[in-house]
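Here the structure is laid out as structure tokens; the discussion comes afterwards.
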Amino acid sequence: MTTPAKLYGRELSAYDEVDVDELLSKLSQEELTMLAKEVDPDDNFLPPSQRNNYACEKDPTGPLNRKKLIEHINKQALETPDRPEVKPYVPGVIRGKKWIPPPPTEKVRDAEEQITIDLGDEYEQALTSATQEEIIDLAAILGFHSMMNQDQYHASLLNKGQPVGLGWDGITKATKQKVYPMDPPNDTDPEETIKRVQENDQKLTDLNWNNIKNISDEKFEKLFEGLKTNTHLEVLSLVNVGLNDRTAQLLADALRANSTLRVVNVETNFISPGGVVQLVAALLATTSVEEFRASNQRSQVLGNKIEMEITSLVEQNPTLLRLGLHLEYSDARHRVASHLQRNIDRSEPTVTNVSSVYSRLPPTTSTGRSNYYYRPPHPHISLPVAPSFKNHSTAIPLDFLLPSKFPHHISQPLKLVR
């Protein structure tokens with residue numbers, strides 16, 4: 001049972017009916033000042049000058065000069081003498097009582113004895129005579145990451161030898177950054193490439209305007225207008241060129257008319273989520289685009305509604321194989337990934353019907369097995385092999401190739417060999 005709190009010998013409930021305003025009105029100005037020094041009002045709306053216990057009544061000597069104030073504080077600290085020590089410091093002499101750790105309890109001693117492992121004389125001798133570098137390598141192999149720094153761990157795994165000066169007590173320093181040369185600027189001439197696109201140059205199959213600054217909207221209009229009639233360009237890369245919603249709409253119109261582009265990359269631009277939807281919708285009108293990338297736009301988050309629209313459009317696209325977009329919701333990511341995988345599987349040629357080939361085989365021999373074998377036309381195709389034919393991985397009896405178990409992804413017709 002807890003004891004009720006008391007104030008001046010009385011319980012706190014006895015002060016509930018006390019009129020605080022009446023008591024304060026009876027106090028003098030000096031008593032109110034003393035009371036204000038003892039009480040800190042818990043009110044965040046009061047300025048600090050009214051909350052703290054600052055009783056300086058001097059008038060300010062002038063505006064605050066921070067530099068002079070710091071110089072004065074440092075000067076005052078240097079001129080103030082140190083307090084004399086009761087017992088002067090002497091090297092090697094202990095002043096006061098030396099702390100001695102208490103002896104470990106029986107439970108701790110028992111635990112230490114249980115942890116002790118007898119490795120045998122051979123291992124004990126090997127660990128005793130091992131160098132520090134060998135112990136560090138052993139710790140890295142056993143996965144004791146907290147006993148070493150990153151340089152020591154990777155040096156042990158790569159067998160490069162331990163860094164000099166980094167033992168158990170060595171100071172871990174930051175690894176120096178590798179200096180990589182700057183990429184050369186994109187020297188593609190937009191005017192020349194626009195002319196070649198408009199002339200349908202058969203040698204121009206890859207157009208790269210990445211990181212070219214200050215491309216006017218008129219140049220984009222000419223380029224996208226030429227794309228409508230171009231029949232040789234396959235890769236269009238417009239990364240970090242300042243595309244906006246207006247130019248994205250022109251690109252969408254060009255994609256609907258073009259039939260040869262396979263890769264379109266418009267990452268790192270200023271296209272809104274609605275503009276991205278228009279570009280994805282334009283891919284439905286063409287059957288050639290296999291890869292489309294449009295991540296890192298003005299809005300980092302597309303939103304649930306936009307992602308669902310993009311997912312619905314992708315699921316209607318039978319030719320798209322790769323999509324470069326950051327989808328936040330797992331449902332959209334799963335549906336898009338599943339559809340793209342189906343498109344990849346569908347893009348491979350169909351397999352010759354095994355049942356029709358199997359029905360046209362000649363009769364089996366007296367041993368009950370056919371003399372015809374299936375030889376896989378591709379080295380990466382693995383088919384089940386009968387136990388008695390384990391040594392003939394490239395010649396499999398057709399008796400064991402049932403149509404229900406035949407791999408659906410074989411891309412070449414069957415070859416029969418004797």
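The values are calculated or read from the model by the stated rules, or taken from the named source; none is laboratory data. Computed from a predicted model, the values in this text were never measured in an experiment. Cβ atoms come from the backbone with ideal geometry, glycine included; neighbour counts cover every protein chain shown. To get the accessible areas, we keep the full protein, side chains included, count just its heavy atoms, and leave off ligands, DNA and RNA. Shrake-Rupley method; radii C 1.70, N 1.55, O 1.52, S 1.80 Å.
Under 14 Å Cα-Cα from residue 176, which aspartates and glutamates qualify once same-chain neighbours fewer than 8 residues away are excluded?
Counting by Cα, and skipping residues close in sequence, residue 176 has these aspartates and glutamates nearby: 151.
So how much slack lies between residue 90 and residue 316, counting 0.36 nm per residue of separation and subtracting their Cα-Cα distance, in nm?
So the extension gain works out to 72.6 nm.
Roughly speaking, to the nearest percent, how much of the range 179-263's 1.4 Å accessible area is carbon and sulfur?
C and S fraction of accessible area: 47 percent.
Obtain the nm distance between the two label points defined at residue 64 and residue 123 by a simple spin-label model: each point lies 7 Å from its Cα along the Cα-to-C-beta direction.
6.7 nm
Within the set 219/305; 6/37; 37/58; 203/228, which residue pairs have Cα atoms separated by over 27 Å? Kindly include the intermediate steps, with their values, before the conclusion.
Numbers: 219/305 33 Å; 6/37 23 Å; 37/58 18 Å; 203/228 17 Å.
Result: 219/305 exceed 27 Å.
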